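Okay, so here's the structure we're looking at.
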Amino acid sequence: MLSTYAYPKYEYIQPPEQRSGETRRYPVVVVGAGPVGLAAAIELAQTGVPVVVLDDDDTVSVGSRGVCYAKRALEVLDRLGVGDDCVAKGVSWNVGRTFFREEEVYNFNLLPQPDFKRPGMINLQQYYLEEYEIKRARELPNLDLRFRNKVVSVAPDGSGATLQVETPDGIYSLETDWLIAADGARSAVRRMMNLEIDGKIFMDRFLIADVVMKADFPSERWFWFDPPFHPGQSVLLHRQADNVYRIDFQLGWQADPEEEKKPEKVIPRIKAMLGDDREFELEWVSVYTFQCRRMTEFRHGRVLFAGDAAHQVSPFGARGANSGLQDTDNLVWKLKLVLDGLAPQTLLDTYSQERVFAADENLMNSTRSTDFITPKSKTSLTFRNAVLSLARDHAFARALVNSGRLSVAAYLTDSRLNTADSAPFAGNMVPGAAMDDAPVREGARDGWLLDCVGTRFVALVYVSDPAGLDAATVQCLKELGQGGIPIEVLLVSPVGGLAHRGLRVLEDCAGRIAERYDCAPGTVYLIRPDQHVAARWRAFELESVKQALARATCNTH
Amino acid sequence: MTLNLNPNFSEPGKRYFQTFSPGDDFYEALIETHRDLTDEQSNLVNAKLVLLLSNHIGDIAVLREALQLARHGV
């Protein structure tokens, strides 16, 4: 098999506990150096929290695995400092073709939405994402990344947890105030704590192959239902970095995984799909089954579960790694406030509540896709095929074709951290929404709205002209920056201008903020550190903003 | 009235952030209706469903158009 990627081997270093023989206590330990655990650790370290990451392996994910990173995940990765690497290496596709039996029933072109920094999604092998995150993690002096450190026991107590960790030098103990379990679908932490994860296993198997094409092949997503080269099943093809194509073949439950993985079995399948004349080489092959399930709660005292350890979905719609990154997006600022004594521990219950809500939405969407792609009864298959038959000619049927609904951020509309609207607003930027991006100009510098917010609370205050603000209002706005949990005020204006009496000014240079946030002069948005809308008003009122901040941090009494 | 062939699903009082959601809501309800039925039972359910919806639509010209499109290519 070919190899377009050289797997790094990260050096094992004897932990300080084993060098010194002393047990140490840390504020936060993360188990698992996959995309999710690393994201949590990087964001914690960047906000000043020392963190230890334990991983039983010493390299990155083998094979492409999670290949599709959607806009919201890229925005989170931007905050971690790895967004540019991922987007530079990843590939985008816009054209998707859907085939039913012999013919193409329709195609679509997902033209990128204008005036967003990041595209709707990129395709990138998971090992690249992990490599970039590890590179970033190692730049952070307060992030201690320990390879070949396998957690062999977890003893949680009211004030944290004690872990036993096995390394090539033996077993040592460490203590932590908080534990983040991001150790994947077969989470050892979850198992050692005897916690359930409920849901259903789908009685189906999929073969995934990474294939290197020798000649040009379009950057498109092709999805086949019941193709002649693989009757009765589905097949998906799309492009990743390095001219590697990912092919997913549905095999059915009866297939023998070991047999199906053999090159002499895989190659003829791919040849039948591509036509015999295209040259390719196999790079990696795997067979997988999947489950749709989640834990009842993602917080268990001082242990917080994130990513696949907490919830697993079918791969259709790319909701695994994408939702895991959003878990850490939601978790880290809350944990930071609790660690700093600025919010009660109940704030961490809202991590569980908000991410359970999102997980249920992901489970619902990915289960619907699975049911459409792999119908489980004759009637279900008949309806599916009827939709596909009508799709060529009729728009309503095309809208029902479900070969995966791309991961988008959940709108956390039911969150208790939201303050309900007191005035009407158009558009989607409701309390609980992840923010839409927009181009901005600050002074002479062009940038993006999302790069100006995050990690701290921000009040976006829309004004027709920053120079027209009276001194009393400026004084009130500045007061927001002086509380226990400071709120930074960003003036947003269609005319821009220089920083005004110590307040930053963002020019809404393309008018997208006014449009996407339905802003009029006086409109105020309170933004959480994870770039979600907490509250909004038509006019600024200091007391209302303070109350909304208290609500968004569980500081109401 | 002519037969509407554009996406047309919605539910009163429900807000959608994604265009695919109302159609997916319907499709799930449709498949769920057939859960655990035999093929014969499902056929009967489908027949009843066509009759119920046809009466609701009422306009026989529209129904003839739908009948013809449904038969097309079969």
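Rule-based calculations on the coordinates, nothing more; no lab input. All values derive from a computational prediction rather than experimental measurement. Virtual Cβ from ideal backbone geometry, glycine too; neighbours counted across all protein chains shown.
Using alpha-carbon pairs under 8 Å, 6+ residues apart, how would you state the relative contact order of segment A:433-557 in percent?
In percent, rounded to a whole number, it is 30.
Quick one: dipole size for the protein assembly as shown, taken about the Cα centre, charges +1 on Lys/Arg Cβ and -1 on Asp/Glu Cβ, in debye to the nearest 20.
The calculation lands at about 500 debye.
Considering Cα pairs under 8 angstrom that are at least six residues apart, work out the relative contact order of chain B and quote it in whole percent. Don't skip to the end; give the middle numbers.
Working: 20 pairs, mean separation 30.9, N = 74.
Reported relative contact order: 42 percent.
Once you keep just the Cα pairs under 8 angstrom separated by 6 or more residues, what percentage relative contact order results for chain A?
Details: 1215 pairs, mean separation 76.1, N = 557.
After rounding, I find 14 percent.
Just how large is the dipole of segment A:488-557 about the Cα centre, in debye to the nearest 20, putting +1 at every Lys and Arg Cβ and -1 at every Asp and Glu Cβ?
In total the dipole reaches around 120 debye.
When N is the residue count of chain B, what does its C-alpha Rg come to as a fraction of 2.2 N^0.38 Å?
Taking N as the residue count of chain B, the ratio is 1.29.
Taking H placed 1.01 Å from N in the peptide plane, check which residues at least 5 places from A:R405 or on another chain put their amide H under 5 Å from its amide H.
It is A:G317, by chain and number.
Sticking with the crude label model, points 7 Å out along Cα→Cβ, report the distance from A:Q482 to B:L52 in nm, one decimal please.
Modelled inter-label distance: 6.5 nm.
For segment A:304-413, with the dipole built from +1 on Lys and Arg beta-carbon atoms and -1 on Asp and Glu ones, taken about the Cα centre, which of A:S366, A:F396, A:T350 lies farthest toward the positive end?
Comparing the listed Cα positions along the dipole, A:F396 ranks first.
Which of rounded, prolate, oblate describes the protein assembly as shown, given a ≥ b ≥ c as roots of the alpha-carbon gyration tensor eigenvalues and a/c under 1.5 marking rounded, otherwise prolate only if a/b is larger than b/c?
On the way: a/c = 1.75, a/b = 1.20, b/c = 1.46.
Judged from the Cα gyration tensor, the protein assembly as shown comes out oblate (a/c at least 1.5, b/c at or above a/b).
Give me the distance in nm between label points sitting 7 Å out from Cα along the Cα-to-Cβ direction at A:E11 and A:D349, one decimal.
Label-label distance for A:E11 and A:D349, simple model: 4.7 nm.
Roughly speaking, what is the stretch gain from A:E281 to A:E166, that is 0.36 nm per residue apart minus the C-alpha to C-alpha distance, in nm to one decimal?
37.5 nm
Find the centroid of the Cα atoms in segment A:479-557 and in segment A:399-459, then give the distance between the two in whole Å.
If we compute the Cα centre of each part, the gap is 13 Å.
Suppose R0 equals 41 Å. What FRET efficiency, 1/(1 + (r/R0)^6) with r the Cβ-Cβ distance, do B:R71 and A:S219 give to the nearest 0.05?
Efficiency at R0 = 41 Å is approximately 0.55.
If R0 is 56 Å, what FRET efficiency do you get for A:R19 and A:Q254 from their C-beta distance, rounded to 0.05?
Step by step, r from the Cβ atoms, then E = 0.60.
Once you have the Cα-Cα distance between A:D57 and A:T382, take 0.36 nm times their residue separation minus that, and quote the gain in nm to one decimal. Working shown, then result.
On the way: separation 325, 0.36 × 325 = 117.00 nm, distance 4.62 nm.
So the chain would gain 112.4 nm between A:D57 and A:T382.
Once the Cβ-Cβ distance between A:E175 and A:E139 is put in as r, and R0 is 25 Å, what FRET efficiency do you end up with, to the nearest 0.05?
With R0 = 25 Å, the Cβ-Cβ based efficiency is 0.40.
If you place +1 on the Cβ of every Lys and Arg, -1 on the Cβ of every Asp and Glu, and leave all else neutral, what size is the dipole of segment A:69-192 about its Cα centre, to the nearest 20 Debye?
Using Cβ point charges on Lys, Arg, Asp and Glu, segment A:69-192 gives about 200 debye.
Which value at 222 nm does chain A reach when only helices count, each DSSP H run of 4 or more adding -39,500 (n - 2.57), with the total divided by all residues and rounded to the nearest 500 deg cm²/dmol?
Per the formula, -9000 deg cm²/dmol.
How would you rank A:T382, A:T289, going from fewest to most other Cβ atoms within 10 Å of each one's own Cβ? All intermediate terms of the calculation are to be shown ahead of the outcome.
Values: A:T382 16, A:T289 13.
Least crowded to most crowded, the residues run A:T289, A:T382.
Once the piece of chain linking A:F108 and A:F229 is laid out straight, how much longer is it, given 0.36 nm per residue of separation minus the C-alpha distance between them?
Result for the pair: 41.2 nm of gain on full extension.
Sort A:W178, A:W253, A:W93 so that the residue with the fewest other Cβ atoms within 10 Å of its own Cβ comes first and the one with the most comes last. Could the numbers behind the result be given before it?
Values: A:W178 23, A:W253 10, A:W93 20.
Ordered from fewest to most neighbouring Cβ atoms within 10 Å, A:W178, A:W253, A:W93 come out as A:W253, A:W93, A:W178.
Which residue, A:T379, A:H300, A:A310, has the largest displacement toward the positive end of the dipole of chain A when charges sit on each Cβ (Lys, Arg +1; Asp, Glu -1)?
Working it through, the farthest residue towards the positive pole turns out to be A:T379.
If I model segment A:266-320 as equal point scatterers sitting on the Cα atoms and use the Debye formula, what is log10 I(q)/I(0) at q = 0.18, 0.20, 0.28 Å⁻¹?
Values, matching the q order: -0.75, -0.82, -1.07.
Give the residue from A:L406, A:S422, A:T455 lying farthest towards the positive end of the charge dipole for segment A:399-467; charges sit on Cβ (+1 for Lys and Arg, -1 for Asp and Glu) and the dipole is referred to the Cα centre.
A:L406
Need one number: nm distance between label points at B:V62 and A:S92, each 7 Å from Cα along Cα→Cβ, rounded to one decimal.
The two pseudo-label positions are separated by 4.1 nm.
For a footprinting-style exposure proxy, rank A:C86, A:C509 by other Cβ within 10 Å, fewest first.
Result, fewest neighbours first: A:C509, A:C86.
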